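Enquirer: Just dropping this structure here.
What follows draws every value from the coordinates through simple rules; no lab data is involved. Model, not experiment: these values are computed from the prediction. For neighbour counting, all protein chains shown are included, and Cβ atoms are generated from backbone atoms with ideal geometry for every residue, glycine included.
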Amino acid sequence: GTAQVAVTGLAVMGRNLARNLARNGFRVAVHNRTTSRAEALVEEFGHEGDFTLARTAEELVAALERPRRIIVMVKAGEATDAVLDELVPLLDEGDIVADAGNAHWRDTVRRHAALADKGIRFAGVGVSGGEVGALEGPSIMPGCDADTYGELGPFLEIISAHVDDEPCCTLIGPDGSGHFVKMVHNGIEYSDMQLIAETYDLLRGPLGLPVDAVADTFRAWNDTELESYLVQITAEVLAHTDADTGRPFVDVVRDAAEQKGTGRWTVQTALDLGVPVTGIAEATMARAVSGDTERRAAVREALEPVDDGDEGGSDAAAVDLSVDDLRAALYAAKVVSYAQGLDMVREGSRENDWDIDPADLSRIWRDGCIIRARLLGDITQAVEEHPDAPSLLATPTFAAAVADRLPALRRVVTAAVASGTPAPVFSAVLAYVDALRAERLPAALVQGLRDYFGAHTYERVDREGTFHTEWSKDRAEVEA
Ligand code: NBP
């Protein structure tokens, strides 16, 4: 065959990725389980480039030059395994299969090992940017061996988004590292979106802005340090009017946020690694709370007659809060949430021996992906200048940025609490910063309690060693 690359799985993402490859001059073979999708693609967009229609897996394999490069873009999970089971027996040693779906990184580690045993080179490729990104240039996070990247990377780099001629695609590291990083990217996306939603809620509730003024506020913020894709589309969604009712679109949408699971994976993995990603965790929990409609209704009703005597209500005068406070707090909270995400990548990299360069992430997230933001340029610079800083919050730029905005962040959380507006991510990231800054944490008491009931021992501030107090006897301290 003469096709240079194949795409199998031609739903919205795969179809657009195939077109992106063809538009960039590559000879592309296309295949889909349901053949009509592949036929429709060639019929509709055949003029855009050099497509070869493959009706079967055998035809797909035959269409390709060697080593073969096959990009799989199907529903993550069992569908991916089904595709691999069908393809792999047809392949030759050295051929490359790249899974560009949202696989769990542990599945990618498993598949990489299983295919390596058969001499097939496997790449786990994180792709972000949605439908439009896939067509016009996504951010791409490939994980594979270096020799595999040598064969595959040039294709991915050309079709990715670019910032000043630099591709938003680079080899992240071995096997599951690309999908791991994509997972954390999605986790950060969860916290970014929840922070924006909390900000909107405070602007409309305690500050009493009408929805079109909130839309204008986000639009204006997109010309500031908050400039980002998500802030930009927030302005658009808020300005949209429902054609049916003439009401603001946001008021006719059911307030139960859904999830496909990457936020949950991020939190589960973070717990395994012992990395506190409190912003992402609370954002994930907030979606779960929103979707818990039966319980919400029951508790709302049960608490209805309860007067806590201190209801701040949505009276702007009752809370000391300004629009500028929210702008500053949103920026600071975003920084903290990114810092937590980067910590998680560092720890995942250490645990799995991936040798990920955190500066690469902020660099390839600057464009193409959902979390693209002006902020990422500054993060790249800070991480490059201070590669050994234990936290983004410990770099001079971001330490100053957060310190400056801490009073605003505190006013936002205070106003949220006073007005009864739930702001779980703002609250969580503020508590995280306060905990990191604290001279002493009450963890000392937790240690004391653990020693009391479980003889779990403790260390002292003034002497080396591990100690236990004999709580049930004479309370003498013994060296453990
Ligand atoms: P979907 O996730 O909806 O998957 C549909 C594709 O999977 C179709 O091509 C379908 O073939 C194929 N497929 C299924 Br389902 N079961 C199969 C099986 N047993 N054997 C072979 N093929 C099977 O498509 P998508 O939204 O384009 O997403 C593709 C991947 O990209 C997913 O992993 C997704 O998580 C990831 N992703 C999506 C986005 C986004 O914005 N949507 C962004 C980034 C990454 P059929 O036509 O025969 O049913």
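Enquirer: Which value, in nm² and rounded to one decimal, describes the direction-averaged projected area of the C-alpha convex hull of the range 169-250?
Expert: Values: hull surface 29.3 nm².
The number I arrive at for the range 169-250 is 7.3 nm².
Enquirer: Using alpha carbons only, how many angstrom separate the centre of the range 429-480 from the centre of the range 25-103?
Expert: Answer, in whole Å: 58.
Enquirer: Hey, if you drop one equal point scatterer on each alpha-carbon of the range 184-437 and run the Debye formula without solvent, what base-10 log of I(q)/I(0) do you get at q = 0.11, 0.12, 0.16, 0.17 Å⁻¹?
Expert: Log10 of I(q)/I(0), two decimals: -0.61, -0.72, -1.27, -1.42.
Enquirer: Can you tell me which lysines have their Cα less than 17 Å from the Cα of K260? Leave out same-chain residues fewer than eight positions away.
Expert: Output for K260: K75, K182.
Enquirer: Can you say what percent of the DSSP beta bridges in the chain, counting only those with both residues inside, are antiparallel? Round to 5.
Expert: Working: 13 of 35 bridges.
Given both bridge residues lie in the chain, the antiparallel proportion sits at roughly 35 percent.
Enquirer: Report, in deg cm²/dmol and to the nearest 500, the calculated mean residue ellipticity at 222 nm for the chain, where each DSSP H run with n ≥ 4 adds -39500 (n - 2.57) and the sum is divided by the residue count. If you can, show how the numbers build up before the last one.
Expert: Values: 20 runs with 262 residues, N = 480.
It lands at -17500 deg cm²/dmol.
Enquirer: Let me ask something else about it. Arrange the peptides 287-300, 144-157 so that the one whose residues have, on average, the most other Cβ atoms within 10 Å appears first.
Expert: Values: 287-300: 12.7, 144-157: 18.4.
Ranked by mean Cβ neighbours within 10 Å, highest first: 144-157, 287-300.
Enquirer: Kindly give Rg over Rh for the chain, based on alpha-carbon atoms, with the Kirkwood expression for the hydrodynamic radius.
Expert: Numbers: Rg = 25.5 Å, Rh = 24.8 Å.
Taking Rh as the inverse mean 1/r over Cα pairs, Rg/Rh reads 1.03.
Enquirer: If neighbour count is taken as other Cβ atoms inside 10 Å, put R366, R410 in order from fewest to most. Write out the running numbers ahead of the final one.
Expert: Details: R366 24, R410 17.
Listing R366, R410 from fewest to most nearby Cβ atoms yields R410, R366.
Enquirer: Show log10 I(q)/I(0) for the range 5-175 at q = 0.08, 0.13, 0.17, 0.20 Å⁻¹, two decimals, from a solvent-free Debye sum over equal Cα scatterers.
Expert: So the normalised log intensities work out to -0.20, -0.55, -0.98, -1.43.
Enquirer: Enter the Cα centre distance for the pair the range 343-367 and the range 171-239, rounded to the nearest angstrom.
Expert: Taking the Cα centre of the range 171-239 as reference, the centre of the range 343-367 is 22 Å away.
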